[in-house]
Amino acid sequence: MAHGDFVYWKGFWNVIDQNTDVEFLSSLVALAQVFSLSILQNAHLVLTPPLSLTQQQRKLLAEAYRTAIDDLAEKHVAKIIEAYSFTEYELDSALARADQTPYEALLDGARKSEMNNMQHLWPMMVDTRRIWRRVEAEKQGEQQAKL
């Protein structure tokens, strides 16, 4: 765990320990658990090689992380969003739509994307790729000639 992660993690749990009588405690705990498992999961995916945990331990850690995320999403996200009084427009998230599932919201966002109206850029993108390939081929040719 990096020092910055530790500072945020410790501060998060201190807030929970100091607020045990609030009505939204279960939501805070769920969020802190996801954060904690996220730190552990990411550390064992990126920073430390698979040597530190067995394959079974990594599998169980990933499963616990997914379970914590599911619990947070199903039982607590709506409460957290309501506590901040964010509107769907302010959140602008496919995960926070009252009238759509996340997949429906993602598909709808893709259909409405301004990137759909940029067909005029495709020829330039293709030309750029061709130029890049030619430059790379010339570099390889120069390297081959030096050998």
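Things to note:
- Across the chain, the relative contact order, built from alpha-carbon pairs under 8 Å that are at least six residues apart, equals 18 percent.
- Cα gyration tensor category, rounded, prolate or oblate, for the chain with a/c compared to 1.5: oblate
- Gyration tensor (alpha-carbon) shape descriptor, region 1-42, a/c threshold 1.5: oblate
- Excluding ligands, DNA and RNA, the accessible surface per residue across the chain is 82 Å² with a 1.4 Å probe.
- Membrane-span-like helices in the chain, defined purely by DSSP H runs whose alpha carbon atoms cover 18 Å or more axially and whose average Kyte-Doolittle hydropathy reaches -1.0, are 3-18, 25-42, 55-75.
- Radius of gyration, Dmax [region 92-133; alpha carbons; angstrom]: 15.8, 47
- Theoretical FRET efficiency, 1/(1+(r/R0)^6), r = Cβ-Cβ of residue 60 and residue 39, R0 25 Å, to 0.05: 0.95
The values are calculated or read from the model by the stated rules, or taken from the named source; none is laboratory data. Everything numeric in this text was worked out from a predicted model, so none of it was measured. Neighbour counts are summed over all protein chains in view; Cβ atoms, including those assigned to glycine, are modelled from backbone coordinates with ideal geometry. The area values use the complete protein model at the heavy-atom level, side chains included, leaving out ligands, DNA and RNA. Shrake-Rupley method; radii C 1.70, N 1.55, O 1.52, S 1.80 Å.
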